[in-house]
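Engineer: Structure incoming, see below.
The values are calculated or read from the model by the stated rules, or taken from the named source; none is laboratory data. Everything quoted here is computed from the prediction, not taken from an experiment. Cβ placement follows ideal geometry from the backbone for every residue including glycine, while neighbour counts extend to all protein chains displayed.
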Ligand SMILES: Cc1ncc(C[n+]2csc(CCOP(=O)(O)OP(=O)(O)O)c2C)c(N)n1
């Protein structure tokens, strides 16, 4: 099996689907000759031609509208938003339009679109590039929101997203792009959208996370093990719809939960997870469900990112609080 | 049936005063500038070129953060800024830090902006400007508002904004020029057409032959200017400013220019999308070379003058980077404190938590 970074796995998924389905189109700012500013589309224009992989003019709302129009013509658009911090420019196309196309037309029209974008923080981008805006997407009925945390899942989930007949927002954490490699099969495979994954089994407490925070949670779990706390780590992988079955099953087993997100406390999806746990499993709980999140400010200036972003120590602290409740 | 596109496009010819050899080709439009002014413009261009070189080096050493190189665009940036009054309002893009500096932004604050420190954006009172816009196009719509504000207050000032060729594709670009036109607001919209939006050539941005002609749809004046000719840029901006404060409405100015360096210092590799031939072709148009020749011809500039500016710039930069590095690091409590006039309860609670964490 090949060892790939997450960005290589993402390119590989697009290559696979460009090959499989001539209706798949990849486009966005700088995705052609340049291969994207993160090189996610590296080599794809050379391989599939400018008809299938192309640069757009610089306008996110234009890109969103173009995707909808091409979907109406039977294509399967895979547009890239260069940084998800720019999503406000394309909010109407995403939340106002593609999310409602099936609904408004009673199923007559669909929007089989996969909007890909780098998101999250910790890589010292200029202002407004980094943010965790998945909550904005997750609260829009009609969208699916997928966030992979490993190269293996990135490829399998992206292939699933491209094949999905409803719009999928596919968010790629910038810090995970090249921070490690993982095993990725060269052949095609899918990872089901809407299914969480137990990344580590444990019996004392359930840590529920997604994106880069999955890795912070795993690190916290290792540290906690030294103190005799056996943490289970669940990677949501899809933050809309959320796989509550897996979450509830785990919480019923451990009786304790901490929900972790990189987004601000008032944003993200942690609050939904906590609400669902207390609605469906309150009698199994030994302690209140706590959360780890960033403070409720606008995303930190890059010089202060490191102190602003939640990390594994914050997780350990909250786990100790639920263990000692 | 009449098809007018070709006719309209052919009206937009590049406005130039100095050619590549530093010779005046358009005496009639030569602006009324004193010898002192001419020397000052040269001083600023040389200084800004050194600042660019040093900023790139400091970025590579990890002492600066985000930086978008400016070499090649000095005439577009500084020629237009030189036509402003202190009370005018600037809405710059991320590459337009030099205009802010020459309008009164202390150098160490420009460095703090680069490092991602909010103090870099706490501008001095006399500088009427926003910090560089990151969201491409946002500044254009806001400019219509600032300009309308001047008009409503009866002020004889203009709002000036900058974007690139790529920026003209944003809806905000059209909304901005159209709103300003609708209100006949005193605004100047500059497009620095450096031919590439990161990697995408302007030919892929639009089917328009010029970007200046986009003014026609908004019903405002538009002009395409040689953006490597500082006198042409100055003259066009001055004319736009005069008409704006006279109540004649906004102007769109397209400056034809080139960025000699990479898009930003964050991993851009221009060899992936630009040829060496094109780089060389534009190097010949270097705005500093052209203006230096012109001034030397008038005996207004010497190697000694040049070296004096270079030393001055290097010295200032050394002091400013030191001052930027001495600035206290931002704390989460600083960020929380800057959120609202009065902190809501969630942030009050978080303020306490972080105060305690930071005191450890
Ligand atoms: C709304 C928005 N979309 C995308 C970007 C990313 N981006 C930054 S600069 C740039 C290209 C801009 O090109 P142009 O407007 O020609 O200006 P130049 O950088 O050449 O000065 C892009 C796509 C952004 N900052 N904002």
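Engineer: Is the stretch A:101-119 home to any residue that is within 14 Å of chain B (Cβ to nearest Cβ), more than 16 Å from the ligand (Cβ to nearest atom), within 13 Å of the chain's Cα centre (by Cα) and more than 22 Å from residue A:270 (Cα to Cα)?
Structural biologist: Among the residues of the stretch A:101-119, not one is within 14 Å of chain B (Cβ to nearest Cβ), more than 16 Å from the ligand (Cβ to nearest atom), within 13 Å of the chain's Cα centre (by Cα) and more than 22 Å from residue A:270 (Cα to Cα), which makes the answer no.
Engineer: Which is outside the structural domain of residue B:228 (by TED's automatic domain parsing) and either crowded, with 19+ Cβ neighbours inside 10 Å or within 16 Å of the ligand (Cβ to nearest atom) (or both), of B:253, B:336, B:317?
Structural biologist: Result of the check over B:253, B:336, B:317: B:336.
Engineer: Looking at the stretch B:270-280, can you tell me whether even one residue there is part of a helix (DSSP H, G or I) and farther than 30 Å from residue A:51 by Cβ?
Structural biologist: yes
Engineer: State whether the residues of the stretch B:99-109 include one that is without any contact (Cβ under 8 Å) to a residue 24 or more places away in the chain, away from the ligand (no atom under 16 Å from the Cβ) and loosely packed, with under 14 Cβ neighbours inside 10 Å.
Structural biologist: Among the residues of the stretch B:99-109, not one is without any contact (Cβ under 8 Å) to a residue 24 or more places away in the chain, away from the ligand (no atom under 16 Å from the Cβ) and loosely packed, with under 14 Cβ neighbours inside 10 Å, which makes the answer no.
Engineer: Quick one: count up the residues across the stretch B:178-197 that are within 16 Å of the ligand (Cβ to nearest atom) and closer than 22 Å to residue A:65 by Cα.
Structural biologist: The qualifying residues number 1.
Engineer: For the stretch B:10-28, state whether one or more residues are modelled with pLDDT of 95 or more, under 18 Å from residue B:310 (Cα atoms) and away from every other protein chain (no Cβ under 14 Å).
Structural biologist: no
Engineer: Condition test on residue B:340, is it modelled with pLDDT of 95 or more, under 30 Å from residue B:11 (Cα atoms) and in a loop (DSSP other than H, G, I, E, B)?
Structural biologist: No, not satisfied.
Engineer: Sticking with this one: Looking at B:92, B:31, can you tell me which residue is within 16 Å of the ligand (Cβ to nearest atom), surrounded by 14 or more Cβ atoms within 10 Å (Cβ to Cβ) and modelled with pLDDT of 95 or more?
Structural biologist: B:92
Engineer: Report, by residue number, each residue of the stretch A:271-308 that is touching a strand residue (DSSP E or B) at 6+ places or on another chain (Cβ under 8 Å) and more than 14 Å from every other protein chain (Cβ to nearest Cβ).
Structural biologist: A:273, A:274, A:277, A:285, A:289, listed by residue number.
Engineer: List the number of the failed condition for residue B:343; all other conditions in (1) in contact with a helix residue (DSSP H, G or I) (Cβ under 7 Å, 6 or more places away or on another chain); (2) more than 14 Å from chain A (Cβ to nearest Cβ) hold.
Structural biologist: (2)
Engineer: Filter the stretch A:74-100 down to the residues that are away from the ligand (no atom under 15 Å from the Cβ) and in a loop (DSSP other than H, G, I, E, B), then identify the one that is farthest from residue B:133 (Cα to Cα).
Structural biologist: A:74
Engineer: Moving to a separate point now. Would you check which residues across the stretch B:115-141 are part of a strand (DSSP E or B) and within 15 Å of the ligand (Cβ to nearest atom) and list them?
Structural biologist: B:133
Engineer: Taking the stretch B:142-159, which residues are touching a helix residue (DSSP H, G or I) at 6+ places or on another chain (Cβ under 7 Å) and within 16 Å of the ligand (Cβ to nearest atom)?
Structural biologist: Hit for the stretch B:142-159 is B:143, nothing else.
Engineer: Go through the stretch B:173-183 and give me each residue that's surrounded by 24 or more Cβ atoms within 10 Å (Cβ to Cβ) and free of Cβ contacts under 8 Å to residues at least 60 places away in the same chain.
Structural biologist: B:173, B:176
Engineer: Answer yes if at least one residue in the stretch B:258-267 is surrounded by 15 or more Cβ atoms within 10 Å (Cβ to Cβ), assigned to a helix (DSSP H, G or I) and more than 16 Å from the chain's Cα centre (by Cα), and no otherwise.
Structural biologist: No: zero hits.
Engineer: Moving on. Under 6 Å by Cβ, and 6 or more places apart or on different chains, what pairs join a residue from the stretch B:59-77 that is within 12 Å of chain A (Cβ to nearest Cβ) with one that is in a loop (DSSP other than H, G, I, E, B)?
Structural biologist: Note: pairs meeting the criteria are B:59/B:67; B:59/B:265; B:65/B:116; B:66/A:126; B:67/B:265; B:68/B:94; B:68/B:95; B:68/B:264.
Engineer: Here is a further query. Report yes if residue B:166 is within 8 Å of the ligand (Cβ to nearest atom) and touching a strand residue (DSSP E or B) at 6+ places or on another chain (Cβ under 8 Å), otherwise no.
Structural biologist: Criteria met by residue B:166.
Engineer: So is residue A:11 more than 16 Å from the ligand (Cβ to nearest atom), under 23 Å from residue A:151 (Cβ atoms) and in contact (Cβ under 8 Å) with a residue 60 or more places away in the chain or not?
Structural biologist: In short, no.
Engineer: Same structure, new question: Taking the options A:134, A:60, name whichever one is surrounded by 21 or more Cβ atoms within 10 Å (Cβ to Cβ), closer than 30 Å to residue A:298 by Cβ and within 14 Å of the ligand (Cβ to nearest atom).
Structural biologist: A:60 is the lone residue from the list that is surrounded by 21 or more Cβ atoms within 10 Å (Cβ to Cβ), closer than 30 Å to residue A:298 by Cβ and within 14 Å of the ligand (Cβ to nearest atom).
Engineer: Scan the stretch B:49-75 for residues that are part of a helix (DSSP H, G or I) and within 15 Å of the ligand (Cβ to nearest atom) and report the count.
Structural biologist: The qualifying residues number 3.
Engineer: Could you list all residues from the stretch B:323-337 that are without any contact (Cβ under 8 Å) to a residue 24 or more places away in the chain, more than 13 Å from residue A:295 (Cβ to Cβ) and in a helix (DSSP H, G or I)?
Structural biologist: Selection gives B:326 alone.
Engineer: Looking at (1) more than 23 Å from residue A:152 (Cα to Cα); (2) crowded, with 17+ Cβ neighbours inside 10 Å, which one does residue A:46 not meet, given that it meets all the others?
Structural biologist: Only one criterion is unmet by residue A:46, namely (2).
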